[in-house]
Amino acid sequence: MTEILPHSGSMKGKIHNFNIRVYYEDTDIGGVVYYANYLKFMERARSEMLRDLGIDQAEMLDYNNPEDVSFVVKRSEIDFNSPARFDDHLVIKSEIIKLGGASLIIKQDVTKNDHILVTGMIKIAAIGENGKTKRLPQNIKEKLNV
């Protein structure tokens, strides 16, 4: 078992809040966040949410792990409402809205001052080492059932 690392962000009810600052490297020449970087922000927020829920993704990726399960993004839908800009403080709000036998759907809002800039609906699938869909182990499902 690997050491559980500290997490960033916090759970407020069923919603995980992850703070991020927009750096120059995140923007285009006009100082606006490049659209693909929102996916990176959301990925970081999901990873921190899982860590906060006690799920060790590094351990899941260990080939000697008897549960033989890891997560992959199966689908993403993104709506862009307003741009974020260089040096903005953003909060990514993540909430598990559906938990299935082998997948989960996470709604993620990228916000600035409680204004929703970007909304993502991300479907995560559980797979085994062979790359095929696999049911979530009960202990992980319990942790995800926030």
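The values are calculated or read from the model by the stated rules, or taken from the named source; none is laboratory data. The shown structure was predicted, so the numbers you read here are calculated from the model rather than taken from an experiment. All Cβ positions, even for glycine, are placed from backbone atoms using ideal geometry, and neighbour counts span all protein chains on display.
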For Asp87, the lone unmet condition from (1) within 16 Å of Phe41 (Cβ to Cβ); (2) acidic (Asp, Glu); (3) without any contact (Cβ under 8 Å) to a residue 40 or more places away in the chain is (3)
Here's a check for you: in region 65-123, which residue that is within 24 Å of Asp26 (Cβ to Cβ) and acidic (Asp, Glu) is surrounded by the most Cβ atoms within 10 Å (Cβ to Cβ)?
Asp109
Residue satisfying condition, being of a type outside the set (Gly, Ala, Ser) and out of contact with any Asp or Glu (no Cβ under 7 Å at 6 or more places or on another chain), within set Glu129, Glu95:
Glu95
Set Asp79, Asp87: member being part of a loop (DSSP other than H, G, I, E, B), out of contact with any Lys or Arg (no Cβ under 6 Å at 6 or more places or on another chain) and of a type in the set (Asp, Glu)
Asp87
Name the residue that is surrounded by the most Cβ atoms within 10 Å (Cβ to Cβ), counting only residues in region 23-39 that are of a type outside the set (Ser, Thr, Tyr) and touching a Phe, Trp or Tyr at 6+ places or on another chain (Cβ under 7 Å).
Asp26
Kindly check whether there is at least one residue in region 90-112 that is among the hydroxyl-bearing types (Ser, Thr, Tyr), modelled with pLDDT of 95 or more, part of a strand (DSSP E or B) and over 14 Å from the mean Cα position of the chain (by Cα).
yes
The condition from (1) under 16 Å from Ile106 (Cβ atoms); (2) modelled with pLDDT of 95 or more; (3) among the charged types (D, E, K, R); (4) touching a strand residue (DSSP E or B) at 6+ places or on another chain (Cβ under 7 Å) that Asp26 misses is numbered (1)
For residues that are β-branched (Val, Ile, Thr) and either touching a His at 6+ places or on another chain (Cβ under 6 Å) or surrounded by fewer than 16 Cβ atoms within 10 Å (Cβ to Cβ) (or both), tally how many sit in region 40-64.
0
Filter result for Ile20 (at negative phi, surrounded by 16 or more Cβ atoms within 10 Å (Cβ to Cβ), part of a loop (DSSP other than H, G, I, E, B) and of a type in the set (A, V, I, L, M)):
no
